[in-house]
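Comments concern the structure below.
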Amino acid sequence: MEEVRLMKGNEAIAHAAVRCGCDGYFGYPITPQSEIMETLMALKPWETTGMVVLQAESEVAAINMVYGAAGCGKRAMTSSSSPGVSLKQEGISYIASAELPCVIINVMRGGPGLGTIQPSQADYYQAVKGGGHGDYKLIVLAPASVQEMADYTVLAFDLAFKYRNPVMILADGVTGQMMEKVVLPPFRERRTEEEIRKECPWATLGKLNGRKRNIITSLSLQSEEMEKINLHLQAKYKEIERNEVMFEEFYCEDAEYLVVAFGTCARVCHKAVEMAREEGIKAGLLRPITLFPFPTEAISRYADRTKGMLTVEMNAGQMIDDVRLAVNGRVPVEYYGRLGGIVPAPDEVLNALKEKIVK
């Protein structure tokens with residue numbers, strides 16, 4: 001029988017992490033994501049599954065603890081909100097270069113600066129363009145419900161180990177704080193040391209047992225060698241783009257106008273599209289679930305079938321760049337959004353659609 005609970009999105013992430021065999025969580029409190037660590041502390045998984053839960057002395061310390069645990073082949077994760085994720089960027093770049101699997105949660109809040117504790121989507125650039133230094137990519141998942149907060153935590157670990165790459169769950173304060181019914185995933189057994197050795201032959205587990213030493217580093221002083229590493233990473237990102245694109249479509253079969261939105265904005269836009277249909281406007285909604293890899297080809301196909309597109313975002317217009325690149329000038333692409341922690345309302349989106357696209 002399915003186990004259904006009523007809980008916050010942040011709480012769902014914590015429960016899912018324990019259930020999917022996470023070995024260690026290292027974090028630091030910041031609103032609006034603090035319930036992730038608080039829930040883990042309340043669950044005390046070290047008494048049941050053996051999972052380590054530790055409040056680090058800072059965000060910088062937390063991401064470097066993840067780096068060390070991931071280097072041992074462990075399922076490691078951290079969470080924070082916008083300014084805290086900024087502090088983690090150097091460590092995230094190191095982890096990406098070293099090709100280590102881990103999960104990073106960002107429950108976004110309004111900025112820039114310390115900003116506000118209210119929800120935002122203004123970390124899109126940071127997440128999908130590589131917020132730290134160097135040419136690297138994160139796999140980025142954008143949940144739009146409490147159920148997806150749980151489901152994508154499991155998926156994030158699976159993708160991280162499949163590609164030996166950090167995966168970010170990019171949510172916002174609405175999804176983190178709202179309460180909904182959720183079906184929690186079944187428990188997975190934590191892997192034994194022998195299972196980790198088989199799954200992660202690259203891991204630094206100490207015992208050699210006849211094999212060569214595993215050295216994990218993001219440093220290479222030889223330019224030619226560093227170029228090889230970069231080319232290898234870029235080839236991996238291309239593979240991810242071929243295999244892992246995820247998106248949803250609503251009312252798109254006959255759509256003349258396409259709304260593109262992710263996360264909380266997608267929920268708002270779903271209602272706005274229904275309202276548009278009631279007025280005889282053939283609008284559809286495409287919701288990217290993976291922000292990297294972005295559903296470029298799917299959006300490109302709609303450029304030949306629609307009269308215009310509208311991106312709706314809780315920022316100053318960031319995802320619109322990727323939508324415009326996808327359509328390559330074939331149809332007009334406009335933006336509507338709210339800033340500073342304000343969530344747009346469905347009627348605002350409908351008015352923007354009529355004023356900017358339908359006219």
Mind checking whether some residue in segment 242-254 is without any contact (Cβ under 8 Å) to a residue 12 or more places away in the chain and open to solvent by less than 70 Å² (accessible area, probe 1.4 Å)? no
Output for Cβ contacts, cut-off 6 Å, separation at least six or different chains, first residue free of Cβ contacts under 8 Å to residues at least 60 places away in the same chain and farther than 19 Å from LYS137 by Cα in segment 88-115, second buried (at least 19 other Cβ atoms within 10 Å of the Cβ) and hydroxyl-bearing (Ser, Thr, Tyr), reads GLY111/SER82
Subset of segment 215-241 that is in contact with a helix residue (DSSP H, G or I) (Cβ under 7 Å, 6 or more places away or on another chain) and within 30 Å of ALA298 (Cα to Cα) - its residue that is surrounded by the fewest Cβ atoms within 10 Å (Cβ to Cβ): LYS236
Considering only segment 299-336, state which residues are in contact (Cβ under 8 Å) with a residue 60 or more places away in the chain and either in a loop (DSSP other than H, G, I, E, B) or not β-branched (Val, Ile, Thr) (or both). GLU313, MET314, ASN315, ALA316, GLN318, MET319, ASP322
Test set (1) more than 19 Å from ARG19 (Cβ to Cβ); (2) surrounded by fewer than 24 Cβ atoms within 10 Å (Cβ to Cβ) - PRO166 fails condition number: (2)
For segment 80-129, the count of residues that are part of a helix (DSSP H, G or I), touching a Ser or Thr at 6+ places or on another chain (Cβ under 6 Å) and not aromatic (Phe, Trp, Tyr) equals 1
Checking the structure you have, find out if any residue of segment 313-326 is modelled with pLDDT of 95 or more, under 14 Å from ALA255 (Cβ atoms) and of a type in the set (A, V, I, L, M, F, W, C). no
Of the criteria (1) more than 29 Å from ILE169 (Cα to Cα); (2) open to solvent by 90 Å² or more (accessible area, probe 1.4 Å), which one MET275 fails: (2)
Looking at (1) touching a helix residue (DSSP H, G or I) at 6+ places or on another chain (Cβ under 9 Å); (2) farther than 21 Å from VAL140 by Cα, can you tell me which one ILE342 breaks? (1)
Residue match in segment 53-68 (condition: under 20 Å from the mean Cα position of the chain (by Cα) and of a type in the set (Gly, Ala, Ser)): yes
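The values are calculated or read from the model by the stated rules, or taken from the named source; none is laboratory data. All values reported here derive from a predicted model rather than from experimental measurement. Cβ sites come from the backbone with ideal geometry, for glycine too, and all protein chains shown count toward neighbours. Heavy atoms of the whole protein, side chains included, go into the accessibility calculation; ligands, DNA and RNA do not. Shrake-Rupley method; radii C 1.70, N 1.55, O 1.52, S 1.80 Å.
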